[in-house]
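Notes to accompany the following structure.
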Amino acid sequence: VGLRHTYVAGAEPVPGGVLPGYADADMDGDVENVDAGGSWPSLESTEGPAGAIVSTAGDLAVFADALFRGRLLRPDTLQQMVADGPHHPRNGNYGLGVEITRPDYRLTVWGHGGFTLGFKSALWYVPEHDVVVVVLANDAGANVADLAELVVRAEMARRDA
């Protein structure tokens, strides 16, 4: 789908600069700069099984558009990915690789979050309104799900106006 700014850490070259992240890496109460421009041991080792993928908001929006609007998978495969599983908390669930949340217990959101030292992400698709939202933060303390929900609500209000 043309993701030109997405790569697997440790396995592919970095296509351009990477912003530093910020986290209390040594748990001393002070936030440190996590330099992600060179070797990235946390992604290249412990995060590898989770994908070790580094991307931009633009590339993630392109990916979500292709995935959730039917250009990557057959319709029946996508349906399996976004089908509620048998065990779930009150306002969420997990399909096949896709989180299914209902932030206000009504609106359904498909997507996934991400986290590694100094960085957080949220990729959301709201099928009822055909809206893709991507939030990236280079601060381990950011609440990207709350930011994504605010963006969805603002877009819904804009459409209703």
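Among the residues of the range 102-115, write down those that are surrounded by fewer than 22 Cβ atoms within 10 Å (Cβ to Cβ) and either among the basic types (Lys, Arg) or within 14 Å of the chain's Cα centre (by Cα) (or both).
Those that are surrounded by fewer than 22 Cβ atoms within 10 Å (Cβ to Cβ) and either among the basic types (Lys, Arg) or within 14 Å of the chain's Cα centre (by Cα) (or both): Arg102, Arg106, Trp110, His112, Gly113, Gly114, Phe115.
So which residues in the range 1-52 are open to solvent by 40 Å² or more (accessible area, probe 1.4 Å), of a type in the set (Ser, Thr, Tyr), modelled with pLDDT under 80 and closer than 15 Å to Phe119 by Cβ?
The one that is open to solvent by 40 Å² or more (accessible area, probe 1.4 Å), of a type in the set (Ser, Thr, Tyr), modelled with pLDDT under 80 and closer than 15 Å to Phe119 by Cβ: Thr46.
Output the residue which, of all residues in the range 64-101 that are among the hydrophobic types (A, V, I, L, M, F, W, C) and in contact with a Phe, Trp or Tyr (Cβ under 7 Å, 6 or more places away or on another chain), is surrounded by the most Cβ atoms within 10 Å (Cβ to Cβ).
So the residue we want is Phe68.
Against the conditions (1) over 21 Å from Thr6 (Cβ atoms); (2) in a loop (DSSP other than H, G, I, E, B), where does Arg71 fall short? Just the number, please.
(1)
Hey, any hits in the range 125-144 for a residue that's modelled with pLDDT under 90, among the small types (Gly, Ala, Ser) and not in a loop (DSSP other than H, G, I, E, B)?
Within the range 125-144, not a single residue is modelled with pLDDT under 90, among the small types (Gly, Ala, Ser) and not in a loop (DSSP other than H, G, I, E, B).
If you check Ala161, Ala61, which single one turns out to be under 17 Å from the mean Cα position of the chain (by Cα) and either surrounded by fewer than 18 Cβ atoms within 10 Å (Cβ to Cβ) or at pLDDT below 90 (or both)?
Ala61
The values are calculated or read from the model by the stated rules, or taken from the named source; none is laboratory data. The structure displayed is predicted, hence computed values, not measured ones. Backbone-built Cβ (ideal geometry, glycine too); neighbour counts: all protein chains shown. Protein only, heavy atoms only, side chains kept; ligands, DNA and RNA dropped before computing areas. Shrake-Rupley method; radii C 1.70, N 1.55, O 1.52, S 1.80 Å.
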